[in-house]
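The values are calculated or read from the model by the stated rules, or taken from the named source; none is laboratory data. Because the structure is a prediction, the values reported are computed rather than measured. Note: ideal-geometry Cβ built from the backbone for every residue, glycine included; neighbour counts use all protein chains shown. Surface areas here come from the heavy atoms of the whole protein model, side chains and all, with no ligands, DNA or RNA. Shrake-Rupley method; radii C 1.70, N 1.55, O 1.52, S 1.80 Å.
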Amino acid sequence: MNCTALIVTYNRLTKLKNCLKATLLLSFNHIVVVNNASTDNTAEWLHTQQDPRLHILTTQINIGGAGGFKHGAHFIANYLDTEWIFFYDDDAYPTVNLLDQFNRLNKQDYQIFSSKVLLPSGKICKMNVPYKKVPYTAYETVLYGIKPQKFLPNLLNQEEVQTFSFVGAILHQNILRQYTHLIDEQLFLYFDDVLFSYQLSQSGYKILFSPNLIFIHDTSIDTNIYQNKKIYYMVRNLLYLQRNQHSPFSKLSIFIRIARILTLCIYKGRNINSIRSIFKGLEDGLLNNKTK
């Protein structure tokens, strides 16, 4: 079983070191690190790494998580002889038995897998839970807020899902060769993985969620999602999705989601800059401004 890790990094050298340390312990045949034009010491540190399995790709500008994964996937599809590709960010890392567990899975009917993602505390990382059924309509979006279990997999059992997160997604090389172009780099951050995986599932590909495949995501919901820059991209990208004929969300459900983001920001006591980020995201999303 020939496996490749695909990691995207930007200005998080301390977390990248932990990520790469855990990755190098596993028997990956190749490890591709996309350095998104980091401005810290990431490039210099990567230059000192001597493991022959490493392939370092450095972009001229920061092209975001979406662009980084697309860039890395193109490289793997065109230049590496491999079978399975494992996607994750620099603030995530695989558990020690990941490849052993993956080797035990029956892969006859599946070319795409979704992992269970935990926080360092051992709790589920909610932002990385896939949709068993995407809440597409406005009604489903409201129902999802009340009864999320209707749309999410049972995290104790294997189950088919409609989407995956780029933290812990595992794709066969055949998928990359045919569909990497569907990763929308314009999204930069957020919903790139949801859109990509939803398009794959709508094209007839089955995605299997397996609780035995475990990644750790060293992040915090409060400090991560509600940073001003990330609030901006969440709002802008939701509006961007309404123009996509393959959008996983209806237009009305998109505006319900945006209203919820605004409400949560106010409820959680975010500063005025958070509110400005939302309205800037609204402006650029409505005007279709894709400037990063």
Among the residues in the stretch 133-143, are any polar (S, T, N, Q), assigned to a loop (DSSP other than H, G, I, E, B) and under 12 Å from residue 115 (Cβ atoms)?
no
Of everything in the stretch 128-137 that's surrounded by 20 or more Cβ atoms within 10 Å (Cβ to Cβ) and touching a residue at least 60 places away in the same chain (Cβ under 8 Å), which residue is farthest from the chain's Cα centre (by Cα)?
135
Cβ-Cβ under 8 Å pairs, at least 6 apart or on other chains, the stretch 43-59 side under 14 Å from residue 80 (Cα atoms), far side open to solvent by 50 Å² or more (accessible area, probe 1.4 Å) and part of a loop (DSSP other than H, G, I, E, B)
53/29; 56/49
Looking at the stretch 110-127 only, could you name the residues that are open to solvent by 10 Å² or more (accessible area, probe 1.4 Å) and in contact (Cβ under 8 Å) with a residue 60 or more places away in the chain?
110, 111, 116, 118, 119, 120, 126, 127
Given the conditions (1) free of Cβ contacts under 8 Å to residues at least 12 places away in the same chain; (2) touching a helix residue (DSSP H, G or I) at 6+ places or on another chain (Cβ under 6 Å), which single one is not true for residue 106?
(2)
Residue count for the stretch 175-200, restricted to those that are open to solvent by less than 30 Å² (accessible area, probe 1.4 Å) and closer than 23 Å to residue 82 by Cα
8
Of the conditions (1) over 22 Å from residue 125 (Cβ atoms); (2) in contact (Cβ under 8 Å) with a residue 12 or more places away in the chain, residue 245 fails just one. Which one is it?
(2)
Residues of the stretch 155-174 being crowded, with 21+ Cβ neighbours inside 10 Å and in a helix (DSSP H, G or I), in sequence order, are none
